[in-house]
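Below is one structure, written out as structure tokens, with a few remarks after it.
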Amino acid sequence: MIQITDLEKFYRTEEVQTIALNKLSFEVKQGEFVAIMGPSGCGKSTLLNILGLLDDPDGGSFKFNGEEVAGYNERKRSDLRKHNVGFVFQSFNLIDELTVFENVELPLIYTGVKPAERKKRVEEVLEKMQIMHRRNHFPQQLSGGQQQRVAVARAVVNNPKLILADEPTGNLDSTNGNEVMDLLIDLNEAGTTIIMVTHSEHDAKYSHRIIRMLDGQKVTENILA
Amino acid sequence: MLKNYFKIALRNLLKNKVYSFINISGLAIGMAATMLIGLWVADELTGNSYYKNRDTIAQIYQHQTNNGEVGTGPAIPRPLEFALRDKHGDNFKHIVMSSWNQPRYLQHGDKNINFQGNFMQEAAPEMLNLDILYGEKNGLKEKNSIMLAESTAKALFGEINVIGKIVKENNSTDLKVTAVYKDIPDNNAFYDLRYIIPWKFYVTHQEWIERSKDYWDNNSFQLFVQINDNTTMEAVSEKIEKVKQIGDPDMVQYNARMFLHPMNRWHLYSDFENGINVGGRIENVWLFGIIGFFILLLACINFVNLSTARSEKRATEVGIRKSIGSQRGQLIFQFLTESFLVVLFAFVIAIGIVLICLNGFNNLADKAIVFPWTNAWYWFASLVFILITALLSGSYPALYLSSFNPVAVLKGTFKAGRFSSLPRKILVVSQFTISAALIIGTMVVMNQIQFSKDRPTGYDKEGLIQIPVMSAEFMGKRDVMRNQFLSSGGAVDFTTASSPATSVWSNRSGYTWEDKQPGFQEDLAYTNVHYDFVKTFGLKLIEGRDFTREFASDSNAVILNKTAVEYMNLKDPIGKYIRDSDTEDPNEPLKIVGVVEDMLVQSPYEPVKQAMYVFDQYENVAFWNLRLNPTKSVSENLNLIENVFKKNFPNTPWDYQFVDEEYGKKFKSEERLASLAKIFTALAIFISCLGLFGLASFVAEQRTKEIGVRKVLGASISQLWLLLSKDFLTLVVISLVVASPIAYYLMSQWLQKFTYRTNVGWSVFAIACLGALLITIITVSFQAIKAAIANPVKSLRTE
């Protein structure tokens, strides 16, 4: 599903150039659950942003479903993103001014789904995430765990082929963290590919494969299942 | 999608009440001001739209050259009518002679009311397409008839179907009502035409008018025409240009040129300078149009500044939306939708403000504007106005906010760049530049008015009244009334004049005198006055004496003003003679008996014109002038004078004018301009300060932690106040530096139109600069001090 070869990304300031990704290569197959680990600043999040088509690499190749997407313009990236990728962030990133229902509904609006169908699908996913009773609440009225459930619901409501999770349990206590990981496992078992960036060895163990990075490069790769 | 945008916009508005209030109220005030100005401009631009024939109606004007100076005006001589009918009649549908609009007493039963109106020829109702309610359009056919405006009929009779009823004019002649027409709306020419009496009546009514039919130099009338459809104003103007010179070869030396001044240009383009139409009220239309636009711009700048300043708060939303598939165009549309919503709210409030203020505004602007609820064009224009305002205020924030990089935002590393506040600073500078320029401009206008008001008038206006006595009933009563007024004790001096004390109704030429330069074309302001003229008016005699009964020869005497002596180049004028080449008896020249200090009667902004005050031997009287008794109170004097008047004219309403009040009316137009400018300047400052207040509170909020740290490290409240305020003060200082030369240049240009004018002195700039700085300090300090006195522990904890 994902094939990256010699991927490069640099950050430049007025005086220095920092290499975030240094000729990184690996593949992720459809239905895999991959965890990416490494110390802060090793390029994990940069990689996730490129995989999520939020950012563009400076060099190398990035094939998504066999199609070369490196160098796509913003419009094409956005189009591909909204139909194929769901995001789960450490800090949940819900829109404070929208209710639970409206937050989850948002991706469907952008993909042009009709209101009746939207309602059905949002309710389905809220039921699945066991957050239906909070549908009319605003994010700040929810606990961290509940907010992350909503974020996961929003990530999956469009049935994306790929979910990118950036430290999804980083802001949660262990009980809520485990619940979120269970949700991700369920999604993965249902066929969704998951790439998760994490610092937590505990969370990484839920995945099929752990890629460890340092200084923008892959250092090890462990297959767990 | 749209619903989602509206929802989030509404929730954002409710969540940030202070910002919403500043944005919406600022925009509402700005929009209300712009709407009022818009209504005013529309009213000005649609002047004369009542007249269906306005494209073909014109007034005949003439240029006349005196000593190289071209004067232009609508006053024309009677023979012009005959020449146009005889020689050029095929160019016109209608030719209508008219008197000037003048007050007249109309009486029915016990009602005797003063109305403004004209004497006009038969075709007037047809040409003006008057809306006849009762009677016939040809109601001016019979000499002793009268057409009444609906309001006049109502006031006199209490009803409007009054055809055939009798109205007595000026207590003398009975006139039969032949038609009642609908009142002409306010922003149209002839709006004060409350009656029309046939021209035939006018001509036979007073001897001088009858006699004037042969005099090409008696420019005492008006002439309106409607041209034929197959010709143009320019073509007809060209044809009639020399008609006066042909009629009277004497006019060749004055290069008298006739032309048509089209009705479409009457209202806005009525000023002529040296023979060229240089505009008129259109300047005010532009001026207020620009002010309106600027006020709206100021309010839009607030919106832009507050939206972009608070961008970090919206950044996360932008990042999330982008990450889940929103394209930049969609985000731009979303933010524009938000600004549209804000503008829509502001518009609704603005309409409320306009409705509340419309009456006051009408009083101030001397208008009768009605809110155009049922005018589809108005609502269409409003929609365009809303969209333009939304685009003006929403475009930059939409482009700015939608440009955020989702990666940086979602990572939490987003910080507005070092130069991100630069556009905001530029906009604040623009705002205060506009406000400061308006402050300076308004002050210069006020200074100019005060400067002109302080100008010596050359006579004593206080305690001087004038009684209009233009109807026949007053003829021959001068001496009797004088004696009665003086013996009543209400007045100490009495004279008469053929013009009001604050105007000159007649200008004359055709005189000769000793030492007159060959070819010199004089143009003298001419007023007939009577005994005790100098004394009654409180004029200062430079040499010679007043008209007095002790000299029988005064029946052929004249007093000149100082400017006339210089103008005519008279050395030792007293005792010299001025000969009128038009008088029937050229052997009776006018003897100069006195020279007085210049008496300011015309524009207070122009030099005093050369004037001659000729002793009135034929009772050419328009006003009785009385100097009130200084030993009694004004009301006491007026009572005594009124009693004398009523005793002699029991059926005539008692009417008088204070000369100082009449003089004060000369400043009305400029004072109106100043009042409007003051209000709009105050609004501009208020809106700018509102924005500054919002920005100050934003900066204080943004720098909470810094303030806390500084305070913990020992910063005093005044140091913190300075820290937070100095950026804004710097911006305002820059604005003042930019605004001052601009305002200086513009106001110097504006002052050029007044010959008698003040300077744009440094004090104006000093006051404006100090004022602007003071306002800024007050506005900014509230937030700065609030932040500075906050408990640092609390502010550090908020981080």
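Could you tell me which numbered condition B:N171 fails, if it satisfies all but one of (1) crowded, with 16+ Cβ neighbours inside 10 Å; (2) touching a Lys or Arg at 6+ places or on another chain (Cβ under 9 Å); (3) farther than 19 Å from B:F190 by Cβ?
Every listed condition holds for B:N171 apart from (2).
Go through (1) at pLDDT 85 or above; (2) assigned to a helix (DSSP H, G or I) one by one and return the number of the condition B:L410 breaks.
If we test B:L410 against (1) at pLDDT 85 or above; (2) assigned to a helix (DSSP H, G or I), just (1) comes out false.
Is there a residue being touching a residue at least 60 places away in the same chain (Cβ under 8 Å) and loosely packed, with under 14 Cβ neighbours inside 10 Å anywhere in the range B:397-409?
Yes - at least one qualifying residue is present in the range B:397-409.
Only residues that are assigned to a loop (DSSP other than H, G, I, E, B), surrounded by 16 or more Cβ atoms within 10 Å (Cβ to Cβ) and either outside the structural domain of B:L193 (by TED's automatic domain parsing) or touching a Phe, Trp or Tyr at 6+ places or on another chain (Cβ under 8 Å) (or both): list them for the range B:130-164, please.
Within the range B:130-164, B:L130, B:L140, B:K143, B:I160, B:V162, B:I163 meet the criteria.
Only residues in the range B:234-262 that are among the polar types (S, T, N, Q) count as the first member; pair them with residues that are part of a helix (DSSP H, G or I) and modelled with pLDDT under 95, Cβ under 7 angstrom, at least 6 apart or cross-chain, and list the lot.
B:Q245/B:M251; B:Q245/B:V252
Given (1) within 30 Å of B:Q116 (Cα to Cα); (2) charged (D, E, K, R); (3) part of a loop (DSSP other than H, G, I, E, B), where does B:R265 come up short, assuming only one miss?
It fails just one condition, (3).
Within the range B:706-799, considering only helices (runs of 4 or more DSSP H) that don't extend past its boundaries, which have at least 2 residues that are on the phi < 0 side of the Ramachandran plot and aromatic (F, W, Y)?
Counting at least 2 such residues, we get B:717-751, B:762-789.
Sort through B:V236, B:V243 and tell me the only one that's touching a Lys or Arg at 6+ places or on another chain (Cβ under 9 Å) and not assigned by TED's automatic domain parsing to the domain that holds B:Q521.
On the way: B:V236 fails: touching a Lys or Arg at 6+ places or on another chain (Cβ under 9 Å).
Going through B:V236, B:V243 in turn, just one is touching a Lys or Arg at 6+ places or on another chain (Cβ under 9 Å) and not assigned by TED's automatic domain parsing to the domain that holds B:Q521: B:V243.
Residue by residue, here is whether (1) over 23 Å from B:M31 (Cα atoms); (2) among the polar types (S, T, N, Q); (3) at pLDDT 85 or above holds:
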{"site": "B:S270", "(1), (2), (3)": "yes, yes, yes"}
{"site": "B:I276", "(1), (2), (3)": "yes, no, yes"}
{"site": "B:E283", "(1), (2), (3)": "no, no, yes"}
{"site": "B:W286", "(1), (2), (3)": "no, no, yes"}
{"site": "B:C300", "(1), (2), (3)": "no, no, yes"}
{"site": "B:K313", "(1), (2), (3)": "yes, no, no"}
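Could you give every pair whose Cβ atoms fall below 6 Å, whose first residue belongs to the range A:159-182 and is of a type in the set (V, I, T), and whose second residue is outside any loop (DSSP other than H, G, I, E, B), counting only separations of at least 6 or pairs across chains?
A:I163/A:G86; A:I163/A:A155; A:I163/A:I194; A:T169/A:G177; A:T169/A:V180; A:T169/A:D203; A:V180/A:Q148
List pairs: first in the range A:64-92 and within 27 Å of A:V180 (Cβ to Cβ) and crowded, with 18+ Cβ neighbours inside 10 Å, second aromatic (F, W, Y) and at pLDDT below 85, Cβ under 6 Å, 6+ apart or cross-chain?
A:K82/A:Y110
Can you confirm whether B:R579 is basic (K, R), under 27 Å from B:R211 (Cβ atoms), surrounded by fewer than 18 Cβ atoms within 10 Å (Cβ to Cβ) and at pLDDT below 90?
The answer is yes for B:R579.
Regarding the range B:717-727, can at least one residue be identified that is basic (K, R) and in contact (Cβ under 8 Å) with a residue 40 or more places away in the chain?
Quick first cut of the range B:717-727, residues basic (K, R) only: B:726.
If we keep only those that are in contact (Cβ under 8 Å) with a residue 40 or more places away in the chain too, we end up with none.
The answer is no; no qualifying residue exists.
Being within 17 Å of the chain's Cα centre (by Cα) and part of a loop (DSSP other than H, G, I, E, B) is the filter here, so list the residues in the range A:11-37 that pass it.
Across the range A:11-37, the qualifying residues are A:K29, A:Q30, A:G31, A:E32.
Out of the residues in the range B:286-296 meeting the condition of being touching a Ser or Thr at 6+ places or on another chain (Cβ under 8 Å) and either among the aliphatic types (A, V, I, L, M) or surrounded by 24 or more Cβ atoms within 10 Å (Cβ to Cβ) (or both), tell me which one is nearest to B:F385 (Cα to Cα).
B:L296
Report yes if B:V225 is among the β-branched types (V, I, T), touching a residue at least 24 places away in the same chain (Cβ under 8 Å) and not in a loop (DSSP other than H, G, I, E, B), otherwise no. Break it down into steps so the answer makes sense when it comes.
Working: among the β-branched types (V, I, T): yes; touching a residue at least 24 places away in the same chain (Cβ under 8 Å): yes; not in a loop (DSSP other than H, G, I, E, B): yes.
So B:V225 passes the test.
Can you pull out the residues in the range B:442-484 that are in a strand (DSSP E or B) and among the hydrophobic types (A, V, I, L, M, F, W, C)?
B:L464, B:I465, B:I467
Anything in the range B:100-109 that is in contact with a Gly (Cβ under 9 Å, 6 or more places away or on another chain) and of a type outside the set (A, V, I, L, M, F, W, C)? List them, or say none.
Matches in the range B:100-109: B:N101, B:Q102, B:P103, B:R104.
Report, ordered by the first and then the second residue, all pairs with beta carbons closer than 7 Å, sequence separation of six or more or different chains, a first member in the range A:209-225 that is within 14 Å of A:K44 (Cα to Cα), and a second member that is assigned to a loop (DSSP other than H, G, I, E, B) and hydrophobic (A, V, I, L, M, F, W, C).
Correct list of pairs: A:I210/A:L224; A:M213/A:C42; A:L214/A:C42; A:D215/A:C42; A:G216/A:C42.
Please enumerate the residues belonging to the range B:272-328 that are farther than 24 Å from B:K15 by Cβ, free of Cβ contacts under 8 Å to residues at least 60 places away in the same chain and within 14 Å of chain A (Cβ to nearest Cβ).
B:G325, B:Q327
Could you grab the pairs with beta carbons closer than 7 Å, sequence gap of 6+ or different chains, first residue in the range B:636-649 and over 15 Å from B:G463 (Cα atoms), second one of a type in the set (A, V, I, L, M, F, W, C)?
From residues that are over 15 Å from B:G463 (Cα atoms), the pairs are B:E642/B:W654; B:V644/B:F485; B:F645/B:W654; B:K646/B:W654; B:N648/B:M481.
With the requirement that a residue be hydroxyl-bearing (S, T, Y) and either at pLDDT 90 or above or assigned to a helix (DSSP H, G or I) (or both), what does the range B:643-684 give you?
Within the range B:643-684, B:Y656, B:Y663, B:S669, B:S675, B:T681 meet the criteria.
Among the listed residues B:F335, B:F380, B:F404, which satisfies the condition of being of a type in the set (F, W, Y), at negative phi and away from chain A (no Cβ under 14 Å)?
The unique qualifying residue is B:F380.
Just one of the numbered conditions (1) modelled with pLDDT under 90; (2) part of a loop (DSSP other than H, G, I, E, B) is not true of B:S553; which one?
Result: B:S553 passes all but (2).
Report yes if some residue within the range B:427-450 is surrounded by fewer than 17 Cβ atoms within 10 Å (Cβ to Cβ) and in the same structural domain as B:A772 (by TED's automatic domain parsing); otherwise report no.
yes
The values are calculated or read from the model by the stated rules, or taken from the named source; none is laboratory data. All figures in this text were calculated on a predicted structure; none of them were measured in a lab. FYI the Cβ positions are ideal-geometry reconstructions off the backbone, even for glycines, and counts take in every protein chain you see.
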